[in-house]
Amino acid sequence: MTKKALLNDLNPQQKEAVSHVTGPLLVLAGAGSGKTKVITHRFAYLTSMQKVAPTSILAMTFTNKAATEMKERIETLTGKNTNGLWVGTFHSLSARILRRDIHKLGFRNDFCIYDENEKEFKIHEALYKGILSKISSLKARMIGPDDILANEDSYGFDEKFARVYVRYQNELKKNNALDFDDLIMFAVKLYEEHPGVLKRYQKDFSHLMIDEFQDTNTSQYRLAKLLASRHKNICAVGDDDQSIYKFRGAEVKNIHTFKKEFKKTKVVRLEQNYRSTQRILDIAECIIAKSPDRMQKKLWTDRKKGDSICYCTTVNEKEEGRYIAQAIKELYQKGKHSYRDMAVLYRVNQQSRALEEAMRENGQPYRIFGGISFYHRKEIKDIIAYLKVIVNPDDSVSLGRVINCPPRQIGATTISRVENEARKRDESLYKTMKHIIKSNGYTNSLKDKISGFVDIIESFIAHMDSDLSELIELIYEKTGYVGWVGEERAKNLMELVSSAEGVDIRSYLDSAALYSGLDENCSEDCVSFMTLHSAKGLEFPVVFLAGIEDGLVPHFHAVKDEDELEEERRLFYVGVTRAQDMLVLSGAKKRKLYASVQEQKPSRFLDDIPSTCYKNVEKRPRADAIKISVAKLPVDLMSSSPFSSGSRVKHPKWGVGVVRDSYGETDDVKVMVNFPTVGMKRLSLKFANLEKI
């Protein structure tokens, strides 16, 4: 691709960012301004125009989904495969670094990675409330247990907490395991304690690019600074207006102090928005303009003014849910929007209950986004645990998960005895089990119960270098797991086999450990339900923001802390800027929250928006309203009907159309059909002479 072709579809500011190749660069990329385009075009520009080796560029982002999109765009631009390149998430790239050199920190290179649901170490003190989140927060700030023991007063934790932290880390090391937060912390530790290793990587990486820079925590920024300290060719792309992850350790100050950390930084502002209508951007600007200490930028668009923004107040959360569900139904029936075009965003998960009930009442499809991912389903986690034990038999957490799964008569008493013996010997469960089998000081009953399991694991280990999909099928065969879980879950297990074809077992386990529900795509035609935090990075033609009330937006926990209150403002801004064409805000006068009904007031952030920017609507239930349940077709008839929602039909007069809804009694079914020629029509199947095509 020529230089002209590569830069041709970029605006002036994007071109400026892409063509800056030497020295530090800070790209302030407003919502919807094409930051991914800048990063991927810059990668292509460096490799094609500047002859920088693709392997010399380290490009880091935060989610697997964003990393995959980045790789796909780079491949399209360069025409070359991205396999082997250093493009990925902070955690996956840190894991890759540690796979090579972690032995210098006292771990084996075949370490396993535990996600937050696998931290099942039976430490009595871990009952201390919030222990794991506190440890996670400390690791994000590069604070280890020794740091706390050396100076308790500085960190606000007592000696008891430090002892728990020490034991937690010791248990991880005994299992040759790292948790999610260790990946970054240990990569930094590796570089700081072994300058020779750092020097090698600094030499390898001549250019760094970091996406979503406003979301970096202390350890991530420290990692980036170490790697960039030689060449200083670091490009940070982010938006302080979208910094919403303080609870995960994100430090918005990182983007504010970047220019001080890296002298002679060039700053480029991306302010042209390609996502939203001007009306949506006007409201967003009113919200974020009140934020103090922000790095100034003002979004604008070439798009039309767009639909009016609506703010609807209802008497309670149930009426709010019905209002949103009805609005979704009307938009769908008009034929312009599919269900997948629409999203409902809310501050806390508890809000989804009333919204879901309303959707179910209307028979409308929806999906909770960011829920249980494929790799977090029980049956998948069980098989992944088998694979982890095969690669690392010292992984006692994974072994404990599968030792009696499926049931093989190894009860709690037997497991407890093995665990006690392992503690005495200060070794893993698997080593202890092998010791028991070979020693004379144990009963034959105990040996018999565990020897069969050890034999199975040994047979799996012998096939560790086989094709991974074949190894998984061997696990199914020898354990009888598929027959044990039943037909429905067996479908997921077959999908697991397919996903493992041609993949190295260690790479596969790393990918599975770093995968989350936010990385999944939904191909179904359904409305997306998610929290405002989960919506970051996404966009939808139609967005409903529910619960725009004080106590929710902003959350009541944040109102007494100025920094947290401003983060809530940014969170609202992020929600608004997810909308492309239509934005609907809603709130309730009363809401049941945390087991009590509370009087609610409109969000204080609405005071910052001139009333001329949106229509204020109040929905009141009629005094004479009677609940009428519209008779729906029986499920079996609906599923077998040729005129179900989404079906294409032909009418003798109006031609081809799409069925949007069906309802009524079994002997008098009516359908709503959208015809391109005449729009939406309600027809009775008895008289309409519709033909399925």
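I'm trying to understand the selection: among the residues of the stretch 180-220, which are touching a strand residue (DSSP E or B) at 6+ places or on another chain (Cβ under 9 Å), crowded, with 21+ Cβ neighbours inside 10 Å and not aliphatic (A, V, I, L, M)? Within the stretch 180-220, D182, F186, H207, D211, E212, F213, Q214, D215, T216, Q220 qualify. Say whether the condition of being free of Cβ contacts under 8 Å to residues at least 24 places away in the same chain and among the aromatic types (F, W, Y) is met by at least one residue in the stretch 554-561. Yes; the residues of the stretch 554-561 include at least one that is free of Cβ contacts under 8 Å to residues at least 24 places away in the same chain and among the aromatic types (F, W, Y).
Going by the conditions given, is K80 touching a Pro at 6+ places or on another chain (Cβ under 9 Å) and at pLDDT below 95? It is true that K80 is touching a Pro at 6+ places or on another chain (Cβ under 9 Å) and at pLDDT below 95. Taking residues in the stretch 1-26 that are free of Cβ contacts under 8 Å to residues at least 12 places away in the same chain and open to solvent by 10 Å² or more (accessible area, probe 1.4 Å), and partners anywhere that are not hydroxyl-bearing (S, T, Y) and not in a loop (DSSP other than H, G, I, E, B), the pairs with Cβ atoms closer than 6 Å and at least 6 places apart or on different chains are K15/L7. If you filter the stretch 367-401 down to residues that are in a helix (DSSP H, G or I) and touching an Asp or Glu at 6+ places or on another chain (Cβ under 7 Å), you find that the one that is farthest from M433 (Cα to Cα) is F374.
Between K232, K263, K297, which is farther than 16 Å from E568 by Cα, in a loop (DSSP other than H, G, I, E, B) and open to solvent by less than 60 Å² (accessible area, probe 1.4 Å)? Unique residue meeting the criteria: K297. Taken over the stretch 27-60, the criterion of being under 22 Å from D241 (Cβ atoms), open to solvent by less than 10 Å² (accessible area, probe 1.4 Å) and in contact with a Gly (Cβ under 9 Å, 6 or more places away or on another chain) is satisfied by V27, L28, A29, M60.
Table: residues versus (1) at pLDDT below 75; (2) under 15 Å from G363 (Cα atoms).
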{"site": "V635", "(1), (2)": "yes, yes"}
{"site": "G646", "(1), (2)": "yes, yes"}
{"site": "K650", "(1), (2)": "no, no"}
{"site": "V659", "(1), (2)": "no, yes"}
{"site": "F675", "(1), (2)": "no, no"}
{"site": "R682", "(1), (2)": "no, no"}
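Of all residues in the stretch 500-512, those that are in contact (Cβ under 8 Å) with a residue 12 or more places away in the chain have Cβ atoms under 8 Å from Cβ atoms of residues that are assigned to a loop (DSSP other than H, G, I, E, B) and charged (D, E, K, R), 6 or more apart or on another chain, in E501/D467; G502/D467; R506/D110.
Would you say I280 is out of contact with any Cys (no Cβ under 9 Å at 6 or more places or on another chain), farther than 30 Å from L132 by Cβ, of a type in the set (A, V, I, L, M) and assigned to a helix (DSSP H, G or I)? Spelling it out, I280 is indeed out of contact with any Cys (no Cβ under 9 Å at 6 or more places or on another chain), farther than 30 Å from L132 by Cβ, of a type in the set (A, V, I, L, M) and assigned to a helix (DSSP H, G or I). Taken over the stretch 429-468, the residue count meeting the criterion of being touching a residue at least 24 places away in the same chain (Cβ under 8 Å), over 38 Å from the mean Cα position of the chain (by Cα) and surrounded by fewer than 16 Cβ atoms within 10 Å (Cβ to Cβ) is 1. How many residues does the stretch 354-373 hold that are among the hydroxyl-bearing types (S, T, Y) and either open to solvent by 20 Å² or more (accessible area, probe 1.4 Å) or at pLDDT 95 or above (or both)? Residues flagged as among the hydroxyl-bearing types (S, T, Y) and either open to solvent by 20 Å² or more (accessible area, probe 1.4 Å) or at pLDDT 95 or above (or both) within the stretch 354-373 amount to 1. Scanning the stretch 64-98 for residues that are of a type in the set (G, A, S) and either open to solvent by 10 Å² or more (accessible area, probe 1.4 Å) or closer than 18 Å to D182 by Cα (or both) returns A66, G79, G84, G88, S92, S94, A95.
Which of (1) open to solvent by less than 40 Å² (accessible area, probe 1.4 Å); (2) in contact (Cβ under 8 Å) with a residue 40 or more places away in the chain; (3) not small (G, A, S) is the odd one out, the single condition H376 does not satisfy? If we test H376 against (1) open to solvent by less than 40 Å² (accessible area, probe 1.4 Å); (2) in contact (Cβ under 8 Å) with a residue 40 or more places away in the chain; (3) not small (G, A, S), just (1) comes out false.
Just the residues that are modelled with pLDDT under 85, open to solvent by less than 50 Å² (accessible area, probe 1.4 Å) and over 21 Å from L399 (Cβ atoms), please, taken from the stretch 99-152. Once the filter is applied, which keeps residues that are modelled with pLDDT under 85, open to solvent by less than 50 Å² (accessible area, probe 1.4 Å) and over 21 Å from L399 (Cβ atoms), the stretch 99-152 yields E125, G130, I131, I148.
Scanning the stretch 317-331 for residues that are buried (at least 20 other Cβ atoms within 10 Å of the Cβ) and over 29 Å from E549 (Cα atoms) turns up nothing.
The values are calculated or read from the model by the stated rules, or taken from the named source; none is laboratory data. Being a predicted model, the structure only gives us computed values, none of them experimental. For neighbour counting, all protein chains shown are included, and Cβ atoms are generated from backbone atoms with ideal geometry for every residue, glycine included. Quick note on the areas: whole protein, heavy atoms, side chains included, nothing else; ligands and nucleic acids left out. Shrake-Rupley method; radii C 1.70, N 1.55, O 1.52, S 1.80 Å.
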